[in-house]
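These notes are about the structure you will find just below.
The values are calculated or read from the model by the stated rules, or taken from the named source; none is laboratory data. Source: prediction; values computed, not measured. Using ideal geometry, Cβ is built from the backbone for each residue, glycine included, and neighbour counts are taken over all protein chains shown. Note: accessible area is taken over every heavy atom of the protein model, side chains too, but ligands, DNA and RNA are not part of it. Shrake-Rupley method; radii C 1.70, N 1.55, O 1.52, S 1.80 Å.
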Amino acid sequence: MEANEKGLAEAPPAEQAVGSSHRGLGWVLDAYRSLWPCIVGFACMRIGAAFTIGGMYVGTDKGLFTDGPNVATLAVLLVVGVVMFQTGLRFRKAVVRRILFASVAVQVVAVLGMVAFVTAGLYSSTARFVLLTLVSLSSTVASLYWLRRMRGASMATAAVMVLVSLALSEVVIFLLSFVPSQEFRCIVSSLFALGQLPCARWARGTERAYQIAVSPSTSDHYAFVQQGMAGPRFLAASAAGCAALSFVLGFLRGYPHGDPIQLSLDGRVLAFVLTEVLFLALLAAVLRGKSETMTVGVFIIMELLAAISLVLYCMFHGHLSYGAACVTTLNSVMSAFSWHIIIAFMTYGKRDPFYYGIVVWCLWVGARSVGRIVPYALGMGYVSDSHLTGTLVSLALLVSTQFVFVKLMDVAVFSVRAQATQQAAAQQGSEEELPVAADKLSAAVRPAAFDRLLGLDDDSGLKDVREALMSHNAEVMGRQFLLSEREVEVLSLYASGMTQKRVAEKLHISATTAHTHITRIYAKTGLHSRQEILDYMHEYVENATDTR
C-alpha cells in the first residue's frame, strides 16, 4: 500500500467548499492545479483506448469487437478480484508503479501490432480479437491506477478530475474520428498511451487529491461514507443502480437487432456537442456546491438520455443516427459516473483500491455487455418489426429507474433508523439499555452478502457503539475499584485494544504517564493483563448490567 494513502480518513477538513458564490474562475484553477497530472494522464488513457475499442464517434460501438474484448477482460479481472477477496492482497507503491508501466507497454505493443498485422495483410478476426482484448485489459488497469491516485478526494475534487479529463478527451476523439486511416489512428493511440508515463512522473511531484482543500457536502457519496453506517448501503445502491442502467445502455447500443449503429455527420456533431454541454453543466453544478449533482442528479440525466434516445429511435426509424447520438452521450456520462463512484469506493473501503475498481468495473461493463447481446439471444436479429425491441427497452428502463430510486430511498430510511439506534446506544445514563441497544444496532448494520462482495464489510459503523460500551464498562469498573477519572479514561482506551503509546497520544500525555496509569489499574483491580480485563468486563460488568 502506498505510504501516503494511509490515514486518509484523518485528513484535515477543508475550511470552505468550492461552491462559494464569491469564488472566481482563477481561484478554482488555482485550487485544482495539482490535479492536472491526473487529468491529463487519465485523458491520455481514454483516448488511447477509444481509438481501438470504442465507437469513436463513428458508431455506437464495434459490436463483437467491443463487447467481446470487454467480456474477456472482465473474466480476467474477476479471477484477480476473487484472489484479492480471498487473500486480502494489497499492492505496495513500487508495485503499483510497475503495474502502470506494464499496462502502458502492453497497450502500445498491442496497438502497434495492429498496424503491423494490417500492413502485412495478416489482420484476421482472431488476431484482431486478441489484440483488442490486450488493449481493453491494459487500458482498464491503467484507468484504475489513475483512479487510485484520487483515493480520499472530496466529491468535488473527484468530479473535477473525471469530468475535465473526459471533456478534454472527447475533443481529441471527435476530431480524430474524421481521420480515415486506421494505421494513423493506431499510431496516435499509442502516442497518447505513452503519454501516461510522463504524467505519472509529473503527478508524483504534486500534492495528493485528498490534500486539496475542498470540503464535501452532506448529501454526496463521500459524506455518506463518513457517516459509517449508511456508507456501505449508499455505495452498494449506487453500484447496483449503475449496473441496472448499464443493462439498458447495452440494449440501446444495438437497437433494434443487435447490430452497431453508425453515426452520420450530423449525428457525430450532435453527440459531441451534447456530451460536452452535459459535462460542462455537471462541472459547473459541482463547483457551485450542488452536491446532489453526482448522486441523484446524474441518475436523472442518464435516465432522461436513455428515454430520449428511445424516442428518437422510434421517431426517426429510417435514420437511427439521432438516437445513437444520445446513446453515445449516455455512454460517456455513465463512464464519468462509474469512475466517480469507483473513487468513492476506494475512499471508503479498507481493501486494496484495485479491488474496488475491479468490482465496480465488472458490474458496469458486465451489465452493459449482457444488455448488448440480449437482442441476439432473443432472436431479434430475425424480427423485422422493432416494436418488440422498443417495448422491452422501455420496460427495462422503467424497472431500472424504479430500482435506483427504491434503493436510494432505502438508504435514507436505513440511515435515519440506524442513527436513532446509535443515539440510544450511546445514552450512558441508562446502563441497562446500552448493551441491548448495541446488540440491536449490530444486527441492523450487519453487511449483506452483496455488500461483502463489494468489499463493504468493514465494521466501522459500529465503532461509536463499541466505544460507548467500552466506556460504560470502564466506568463501572472505576466505581468498583475506586479508579480515578483519568484511570477510567486510560482503562477504556487500553481495553479497546490500543497500545500504551497510542493511549498516550490519544489523551495527549507522555508514554511514561500512560504506563504509570496502567500499572496502577492493574494494582487496584488485581488483574494482570489486557485479556483479564476484558474477561472481567464480559463476565462481571456486562452480566451484572443485564441481570439488573
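With the simple model of a label 7 Å out from the Cα in the direction of the Cβ, residue 197 to residue 481 spans 6.2 nm. Model label points for residue 116 and residue 399, set 7 angstrom from Cα along the Cα-to-Cβ axis, are 4.7 nm apart.
Region 47-119 and region 299-351 have Cα centres spaced 22 Å apart.
Modelled this way, with points 7 Å down the Cα-to-C-beta line, the labels at residue 284 and residue 535 are 6.9 nm from one another. Ranked from largest to smallest solvent-accessible area, with a 1.4 Å probe on the protein heavy atoms, 185, 479 come out as 479, 185. Return a whole-number percent for the relative contact order of region 253-321, with Cα pairs under 8 Å and 6 or more residues apart as the contact set. So the answer I get is 33 percent. Largest first, the residues 146, 36, 202, 339 sort by 1.4 Å accessible area into 202, 36, 339, 146. Semi-axes of the equivalent ellipsoid for region 122-189, computed as √(5λ) from the eigenvalues of its C-alpha gyration tensor and ordered from largest down, come to 30, 18, 7 Å. Distances between placed amide hydrogens fall under 5 Å for residue 261 paired with 60, 61, all partners being 5 or more residues away or on another chain.
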